[in-house]
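No value in this document is a laboratory result; all are computed from the given coordinates. Here the structure is a predicted model, which means the values were calculated and not measured. Cβ: placed from backbone, ideal geometry, glycine included. Neighbour counts: every protein chain shown.
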């Protein structure tokens, strides 16, 4: 009789652990679903932009010109690529989610301007408050220490074809 009681107690503890484990997995699935819906609001697809000045994107320098920008496949929307329209030059740069102060009325890139140097800073799609912010490089951090506040330069973009 005492063996039966021990077995019943063990079974009820395992049942509780099973329910706890199920609850844990359900919570994890919910968290991943919420995270995925937020990530979808970041820049997805190609943006085409004509930049009227020389600029830095990540650790690379680019001359004024027309560029294509897109998220790198399988990067979790954390890495983007910028390339010339003919594909002869490109660079990767890291981004994180960015929340605009107001919903953008047009798709645009925002550059931080320090003196005569421009650094790609943010990317927003028309009508989406959540966009992508470029992580600052050591070079930008060093230059920004000498400037009270960066001047923002907005450049409109188009959807890639």
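A compact table of results
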{"read-out": "Exposure proxy ranking, count of Cβ atoms within 10 Å, fewest first, for 61, 116", "value": "116, 61"}
{"read-out": "Tensor-based shape of region 47-159 (alpha-carbon gyration tensor, a/c under 1.5 rounded, otherwise prolate or oblate)", "value": "rounded"}
